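Chemist: Supplied in structure tokens, the structure appears directly below.
The values are calculated or read from the model by the stated rules, or taken from the named source; none is laboratory data. Everything numeric here is computed off the predicted structure, so don't read it as measured data. Note that we place each Cβ from the backbone using ideal geometry, even for glycine, and neighbour counts take in every protein chain shown.
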Amino acid sequence: NAGVTQTPKFRVLKTGQSMTLLCAQDMNHEYMYWYRQDPGMGLRLIHYSVGEGTTAKGEVPDGYNVSRLKKQNFLLGLESAAPSQTSVYFCASTRAGTGNEQFFGPGTRLTVL
Amino acid sequence: SQQGEEDPQALSIQEGENATMNCSYKTSINNLQWYRQNSGRGLVHLILIRSNEREKHSGRLRVTLDTSKKSSSLLITASRAADTASYFCARDTGGGNKLTFGTGTQLKVEL
């Protein structure tokens, strides 16, 4: 099993450009999450999904959109990138129900110039 | 922000010593989890303690939870150089298994 994979690993964008980050999991998990990690800030939840076709906002959703068209994939979109979105983005997944550990991907390092 | 506080922010110890990290939070929780992050990598789950538990062990890890004080601690015994990493506590406050992470403790274990 590959677990949770993220594409791409690195990306540099110019202000105003758009891009999509792809997260894929092969563990048949129902729940998936997108976080961003900034220096000294820990991880902050951007959006999450508790099932195919459903998404919800997290703590810092502004400037991002998500889609969960297939159970195994969770896409994070930046419509018009801003320098404040320079960060490391992590995807995670877990089983439905309470008290389950999250499995994280390796991260995508995004720089917006 | 619902992020809690972790202390210390950084900890440097010698191999073989014990390392203790603390986590405080403000809202009620379903459970509290600890994760490790090696430099440049994703997070890896270490241990979960439920709100009705007070202590839990896993190998060289010992976690305590005091819900009256809204605090938790992670103890790593007989530390090794390979334990060098950042450690994060994460609170599950309900609804979709969402986690709220602390700012982390950077642990350095020196030979």
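Chemist: For residues that are small (Gly, Ala, Ser) and part of a loop (DSSP other than H, G, I, E, B), scanning just the range B:49-63, find the one that is nearest to B:Asn30 (Cα to Cα). Give the derivation first.
Modeler: Applying the first criterion (small (Gly, Ala, Ser)) to the range B:49-63 yields B:51, B:58-59.
Narrowing further to those that are part of a loop (DSSP other than H, G, I, E, B): B:51, B:59.
Values: B:Ser51: 5, B:Gly59: 23 Å.
Among those residues, the one meeting the criterion is B:Ser51.
Chemist: Considering only the range A:76-87, I want to know if a residue exists there that is assigned to a strand (DSSP E or B) and within 27 Å of B:Gln33 (Cβ to Cβ). Outline the logic, then answer.
Modeler: From the range A:76-87, those assigned to a strand (DSSP E or B) are A:76-78, A:87; that's our starting set.
Now restrict to residues that are within 27 Å of B:Gln33 (Cβ to Cβ): A:76, A:87.
So far as the range A:76-87 goes, yes, one or more of its residues are assigned to a strand (DSSP E or B) and within 27 Å of B:Gln33 (Cβ to Cβ).
Chemist: Run B:Ser68 past the list (1) exposed (fewer than 14 other Cβ atoms within 10 Å of the Cβ); (2) in contact with a strand residue (DSSP E or B) (Cβ under 9 Å, 6 or more places away or on another chain) and report the number of the one that doesn't hold.
Modeler: (2)
Chemist: Let me ask you something else. Taking the range B:1-22, which residues are within 11 Å of chain A (Cβ to nearest Cβ) and crowded, with 21+ Cβ neighbours inside 10 Å?
Modeler: Of everything in the range B:1-22, those that are within 11 Å of chain A (Cβ to nearest Cβ) and crowded, with 21+ Cβ neighbours inside 10 Å turn out to be B:Gly4, B:Glu6.
Chemist: Hey, among A:Thr55, A:Thr86, which residue is more than 26 Å from A:Pro39 (Cβ to Cβ), at pLDDT 95 or above and of a type in the set (Val, Ile, Thr)? So that I can check it myself, show each step before the final result.
Modeler: On the way: A:Thr86 fails: more than 26 Å from A:Pro39 (Cβ to Cβ).
Being more than 26 Å from A:Pro39 (Cβ to Cβ), at pLDDT 95 or above and of a type in the set (Val, Ile, Thr) holds for just one of A:Thr55, A:Thr86, which is A:Thr55.
Chemist: For the range B:46-55, does any single residue satisfy the condition of being hydroxyl-bearing (Ser, Thr, Tyr) and exposed (fewer than 12 other Cβ atoms within 10 Å of the Cβ)?
Modeler: So in the range B:46-55, the residues hydroxyl-bearing (Ser, Thr, Tyr) come out as B:51.
Narrowing the set further to residues that are exposed (fewer than 12 other Cβ atoms within 10 Å of the Cβ) leaves none.
Within the range B:46-55 (the criterion being hydroxyl-bearing (Ser, Thr, Tyr) and exposed (fewer than 12 other Cβ atoms within 10 Å of the Cβ)), the answer is no, since none of the residues qualifies.
Chemist: So, in the range A:39-50, of the ones that are surrounded by fewer than 21 Cβ atoms within 10 Å (Cβ to Cβ) and either at pLDDT 95 or above or among the aliphatic types (A, V, I, L, M) (or both), which residue ends up farthest from A:Gln6 (Cα to Cα)?
Modeler: A:Met41
Chemist: Surrounded by 19 or more Cβ atoms within 10 Å (Cβ to Cβ), aromatic (Phe, Trp, Tyr), closer than 23 Å to B:Gly102 by Cβ and more than 12 Å from chain B (Cβ to nearest Cβ), is that true of A:Tyr33? So that I can check it myself, show each step before the final result.
Modeler: On the way: surrounded by 19 or more Cβ atoms within 10 Å (Cβ to Cβ): yes; aromatic (Phe, Trp, Tyr): yes; closer than 23 Å to B:Gly102 by Cβ: yes; more than 12 Å from chain B (Cβ to nearest Cβ): no.
No: the conditions fail for A:Tyr33.
Chemist: Would a scan of the range B:23-40 turn up a residue that is outside any strand (DSSP E or B) and touching a Lys or Arg at 6+ places or on another chain (Cβ under 6 Å)?
Modeler: Keep residues of the range B:23-40 that are outside any strand (DSSP E or B), which gives B:25-30, B:38-40.
Okay, now just the ones that are also touching a Lys or Arg at 6+ places or on another chain (Cβ under 6 Å), so B:25, B:29.
Yes, some residue in the range B:23-40 is outside any strand (DSSP E or B) and touching a Lys or Arg at 6+ places or on another chain (Cβ under 6 Å).
Chemist: In addition: Hey, any hits in the range A:70-84 for a residue that's surrounded by 13 or more Cβ atoms within 10 Å (Cβ to Cβ), in contact (Cβ under 8 Å) with a residue 12 or more places away in the chain, among the aliphatic types (A, V, I, L, M) and facing chain B (nearest Cβ under 10 Å)?
Modeler: Checking the range A:70-84: not a single residue is surrounded by 13 or more Cβ atoms within 10 Å (Cβ to Cβ), in contact (Cβ under 8 Å) with a residue 12 or more places away in the chain, among the aliphatic types (A, V, I, L, M) and facing chain B (nearest Cβ under 10 Å).
Chemist: So the check is Cβ under 9 Å with 6+ separation or different chains; which pairs have a first residue in the range A:40-63 that's at the interface with chain B (Cβ under 7 Å from one of its Cβ atoms) and of a type in the set (Ser, Thr, Tyr) and a second one that's surrounded by 18 or more Cβ atoms within 10 Å (Cβ to Cβ) and assigned to a loop (DSSP other than H, G, I, E, B)?
Modeler: Here the result reads A:Tyr48/A:Gly58; A:Tyr48/B:Gly96; A:Tyr48/B:Asn97; A:Tyr48/B:Lys98, each pair linking the range A:40-63 to a residue that is surrounded by 18 or more Cβ atoms within 10 Å (Cβ to Cβ) and assigned to a loop (DSSP other than H, G, I, E, B).
Chemist: If you go through the range B:53-95, how many residues are more than 14 Å from chain A (Cβ to nearest Cβ) and acidic (Asp, Glu)?
Modeler: 3
Chemist: Now for a different question. Are any residues in the range B:96-111 at pLDDT 95 or above and more than 11 Å from every other protein chain (Cβ to nearest Cβ), and if so, which ones?
Modeler: B:Leu107, B:Lys108, B:Val109, B:Glu110
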